[in-house]
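The values are calculated or read from the model by the stated rules, or taken from the named source; none is laboratory data. Note that this is a predicted model, so its numbers are computed, not measured. Neighbour counts run over all protein chains shown; Cβ positions are idealised from the backbone, glycine included. Side chains are part of the model used for accessible areas, which takes the heavy atoms of the whole protein and leaves out ligands, DNA and RNA. Shrake-Rupley method; radii C 1.70, N 1.55, O 1.52, S 1.80 Å.
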Amino acid sequence: MTRRITYILVIVVFILSVHAQSQPETGDKSVADTTQILQIISKARKHYFNHPDSSLYYAKKALDLSRRIKFIKGETESLNIAGEVSRFQGDFPNALEMQFDALQLHRGNKNIAGELGTLTFIGIIYVELTEYRQGLYYLLEGKKINDKISVEGTGNFLLSNIGYAYEKLNLLDSALWYQELAYNTPGINYVPPLKSLIIGRLGTVHDRMGHDDKAFQYYHMALKYSPENINPSVLHNSLAALHYKTKNSDSAFYYARKAFNNQNALSQKKSSLAASQLLTKLHKENGNPDSALFYIGISMALKDSLYGPDKLRQIQLLLLKQQQQQQKIIQEEETFKNRTRTTALLASLAVFIVVALLLYRNNRQKQKAKIKIEKAYDELKSTQAQLIQSEKMASLGELTAGIAHEIQNPLNFVNNFSEVNTELIDEAGEEMDKGNISEAKIILNDIKENEQKINHHGKRADAIVKGMLQHSSSGSGKKEPTNINALADEYLRLAYHGLRAKDKSFNATMKTDFDESISKINIIPQDIGRVILNLITNGFYVVNEKSKQNIAGYEPTVTVKTLKNPPSGGRGAEVLVCVKDNGNGIPQKILDKIFQPFFTTKPTGQGTGLGLSLSYDIVKAHGGELKVETKEGEGSIFTILLNI
């Protein structure tokens, strides 16, 4: 199988133009000198394919002039061209030496575009020398750069060469993947020779994989895209080898002779070697020993010229030189790093001493400030605890006033029935003295009924007192089955009567809408009761404030509603407790602050700003949510959402 290398050279002009755009320049030089050098480089490019000897002459001349005036751009371009022409002619030692010199210049001037192109050239040389893994190493280093800067055309060329190296390593799947990636990456159509090169290499991979029809198709397609001024001898070699493989000796002879004649005329030693080896086989098989012997001699001479002991020794010396240079660079970098570390360490030590002194001074000041802060913090905690206790006591006071009003009603019944019973007992005694037993029995039955009513209202008063005790105590802190409807109804009435006890002019309509399908739910009744009481009390406050505005037709109303499994749910069974008022609503600008501690819209002295904050925390502790919906001028709805 012939190597498809010659065709790569057409891409060099494109890559070198990329170098020219980004190459830094250093040193003293006149405009006339640099212009002259660039003209010589242009001549070297012009003779690159058809007259490689002339191209090498001009490249070396430009290199010499560039080094005299320290023209880095001219030096690197000359090295790249001379290196590629040397590889083209099979002079691998000189090709490597020139490319390594160019690579060192690019890296010294931080020209990453130039470094990318030169790494690609070095990788190709190693692949030509059958050092495939070494070549792949340099090509993949170039890919790291290309992934960052993504140079169109250069990237396609690089990817194709990576695929070419994998093909030589018999990793055909990887080779095919990279060739297809190179073909599909944007930029391929800008350089027709590059497109022809990649298509030809796709044919080679399919050839190696045994896809002969696809290989023929790709080879002929590559010839179609090959420019007329570029010698397509690599493709002729490939077609000759494929025809030989498919037992078509006439076509194999035709393409092999065409490849040999063109390559030999251009001194392309590596391609000439491939063509002469194939012609040797063909003449042997066709019974032409003289011709076979002729081509054997040519192939042996070419092989010795390319891979002879002298060439290998030169390459080994070059690699040793590169290793020594690399070690020197590493040593210099390490020395610089050590010197930098020492300087940094001394500077850090000096800074540390200064910082230590400043910290010592600041620490003494902080100790004094800490004592003041701790004292202020303790005072703040004490004040906060007092405020929270004040909020609780205010809640308890409102509840107690309502309870007192509620107790008064059953006590009135007890007192009234007790007085009536006293009079009835006297009447029963008088009737018995008269001997009127039947009338006495009727009176006694009335006394019995009154006693039952006394007992009923006494138990009612007892239940109210127990409720007050439960509210005023911290409770067990454990959840217990609770009738949420009864709890909400009780605290609605207590809140109303508590406000009536403080302000006789207060009046509002109470409405309830309880979902009777709700069974007992597990909550801490004292805590949830405080939340409901706070929301209802706030509702009565805002409707009372709005009623003071004397709005025609306005009727202050607070509605308490419960609902099971609301449509807006989504987390299983839920219970909603909604407290709705038709007050003035909450202004949008303060809506996000109402649950913050100590925030209140009430006048100074009438609220601590902890009611809603504590309510929010209590509901959260139950695993629920406390939400608010409001519309200015129309009222608000506070919703307690509890999971059951």
TODO: Scan the range 500-526 residue by residue and report those that are open to solvent by less than 30 Å² (accessible area, probe 1.4 Å) and not small (Gly, Ala, Ser).
DONE: Phe506, Ile518, Ile521, Ile523, Ile524, Pro525, Gln526
TODO: Kindly provide the set of residues from the range 565-574 that are modelled with pLDDT of 60 or more and open to solvent by less than 70 Å² (accessible area, probe 1.4 Å), ordered by number.
DONE: Pro566, Gly572, Ala573, Glu574
Task: One residue from Lys143, Lys110 being within 46 Å of the chain's Cα centre (by Cα) and on the phi > 0 side of the Ramachandran plot - done: Lys110
Task: Selection within the range 609-636 - touching a residue at least 40 places away in the same chain (Cβ under 8 Å) and either surrounded by fewer than 17 Cβ atoms within 10 Å (Cβ to Cβ) or closer than 14 Å to Glu574 by Cα (or both) - done: Val619, Ala621, His622, Leu626, Val628, Lys631, Glu632, Gly633, Glu634
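For the structure I just gave you, tell me whether Glu180 is charged (D, E, K, R), in a helix (DSSP H, G or I), farther than 19 Å from Asn80 by Cα and in contact (Cβ under 8 Å) with a residue 12 or more places away in the chain.
Numbers: charged (D, E, K, R): yes; in a helix (DSSP H, G or I): yes; farther than 19 Å from Asn80 by Cα: yes; in contact (Cβ under 8 Å) with a residue 12 or more places away in the chain: yes.
So Glu180 passes the test.
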Open item on the list: Pairs needed: first member in the range 37-49, closer than 18 Å to Pro232 by Cα and outside any helix (DSSP H, G or I); second member anywhere, of a type outside the set (Val, Ile, Thr) and at pLDDT below 85; C-beta distance under 8 Å; at least 6 residues apart or different chains.
Closed with: Tyr48/Leu9; Phe49/Leu9; Phe49/Asn229; Phe49/Asn231; Phe49/Leu266
- [ ] May I ask you to verify whether Glu115 is part of a helix (DSSP H, G or I) and within 42 Å of the chain's Cα centre (by Cα)?
- [x] yes
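In the range 59-114, what residues are among the small types (Gly, Ala, Ser) and either farther than 19 Å from Leu38 by Cβ or out of contact with any helix residue (DSSP H, G or I) (no Cβ under 9 Å at 6 or more places or on another chain) (or both)?
To start, the set of residues in the range 59-114 that are among the small types (Gly, Ala, Ser) comprises 59, 62, 66, 74, 78, 82-83, 86, 90, 95, 102, 108, 113-114.
Within the range 59-114, Ser86, Gly90, Ala95, Gly108 qualify.
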Open item on the list: Go through (1) open to solvent by less than 10 Å² (accessible area, probe 1.4 Å); (2) among the hydrophobic types (A, V, I, L, M, F, W, C); (3) under 25 Å from Tyr164 (Cβ atoms); (4) touching a Ser or Thr at 6+ places or on another chain (Cβ under 7 Å) for Phe92 and report which single condition fails.
Closed with: (4)
- [ ] Identify the single condition in (1) at pLDDT 60 or above; (2) open to solvent by 90 Å² or more (accessible area, probe 1.4 Å) that Leu318 does not satisfy, given that it satisfies every other one.
- [x] (2)
TODO: Taking Leu411 as meeting all but one of (1) of a type in the set (A, V, I, L, M, F, W, C); (2) modelled with pLDDT under 65; (3) within 20 Å of Tyr496 (Cα to Cα), write down the number of the exception.
DONE: (2)
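Any residue at all in the range 631-638 that's of a type in the set (Val, Ile, Thr), out of contact with any Gly (no Cβ under 7 Å at 6 or more places or on another chain), at pLDDT 90 or above and closer than 20 Å to Asp515 by Cβ? It would help to see each step written out before you state the result.
From the range 631-638, those of a type in the set (Val, Ile, Thr) are 637; that's our starting set.
Retained after the next criterion (residues that are out of contact with any Gly (no Cβ under 7 Å at 6 or more places or on another chain)): 637.
Going one step further and asking which of them are at pLDDT 90 or above, we end up with 637.
If we keep only those that are closer than 20 Å to Asp515 by Cβ as well, we get 637.
Taking every residue of the range 631-638 in turn, at least one turns out to be of a type in the set (Val, Ile, Thr), out of contact with any Gly (no Cβ under 7 Å at 6 or more places or on another chain), at pLDDT 90 or above and closer than 20 Å to Asp515 by Cβ.
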- [ ] Would you be able to say whether some residue in the range 381-388 is open to solvent by 90 Å² or more (accessible area, probe 1.4 Å) and modelled with pLDDT under 75?
- [x] yes
Open item on the list: Would you confirm whether or not the range 59-78 contains a residue that is in a helix (DSSP H, G or I), of a type in the set (D, E, K, R) and open to solvent by less than 10 Å² (accessible area, probe 1.4 Å)?
Closed with: yes
Task: Tally, over the range 527-557, of residues that are farther than 17 Å from Leu626 by Cα and crowded, with 16+ Cβ neighbours inside 10 Å - done: 9
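Going through Gly203, Gly123, Gly210 one at a time, which residue ends up being closer than 22 Å to Glu77 by Cβ and not hydroxyl-bearing (Ser, Thr, Tyr)?
Values: Gly203 fails: closer than 22 Å to Glu77 by Cβ; Gly210 fails: closer than 22 Å to Glu77 by Cβ.
Result of the check over Gly203, Gly123, Gly210: Gly123.
Which residues, counting only those in the range 124-150, are outside any helix (DSSP H, G or I) and either of a type outside the set (A, V, I, L, M) or more than 19 Å from Gly83 (Cβ to Cβ) (or both)?
Of the range 124-150, the ones outside any helix (DSSP H, G or I) are 129-131, 150.
Selection gives Thr130, Glu131, Ser150.
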